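Below is one structure, written out as structure tokens; the observations come after it.
The values are calculated or read from the model by the stated rules, or taken from the named source; none is laboratory data. Just so we're clear, the structure is a prediction, and the values are computed from it rather than from any experiment. Cβ: placed from backbone, ideal geometry, glycine included. Neighbour counts: every protein chain shown.
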Amino acid sequence: MASSQNALTFQGLVLRLQNFWAGHGCVLQQPYDVEVGAGTMAAYFRERGFPAAVWSKNNQTAHQPDENCSIDNMMGNAKVFAYLFLRE
């Protein structure tokens, strides 16, 4: 069991992920809050010549007081991303 001195903080995890992806030549951009729809990150990548698509099953409650996501939707999204990232 890891000691509390060696425990990874949320900020530490984010920094490690950013360093990992930057080391692999990936474009890093901080997220920003926009309305659901046309303000996706896909447009950012397409403008820079990278093919991009958007995928998400959601409940259409983003940015609402009752914002939520069903477990079925999260599992469906995870399956799509796993397929895309793990195929050879």
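Summary table below
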read-out: Count of residues meeting criterion [at pLDDT 80 or above and not in a helix (DSSP H, G or I)] in the range 70-88; value: 1
read-out: Residue ID - surrounded by the most Cβ atoms within 10 Å (Cβ to Cβ), chosen from residues in the range 48-88 that are of a type in the set (D, E, K, R) and within 25 Å of Gly25 (Cβ to Cβ); value: Arg48
read-out: Selection from the range 1-47 of residues that are exposed (fewer than 10 other Cβ atoms within 10 Å of the Cβ), among the hydroxyl-bearing types (Ser, Thr, Tyr) and either at pLDDT 85 or above or assigned to a helix (DSSP H, G or I) (or both); value: Thr9
read-out: Residues (of a type in the set (A, V, I, L, M) and under 15 Å from the mean Cα position of the chain (by Cα)) located in the range 63-88; value: Met74, Met75, Ala78, Val80, Ala82, Leu84
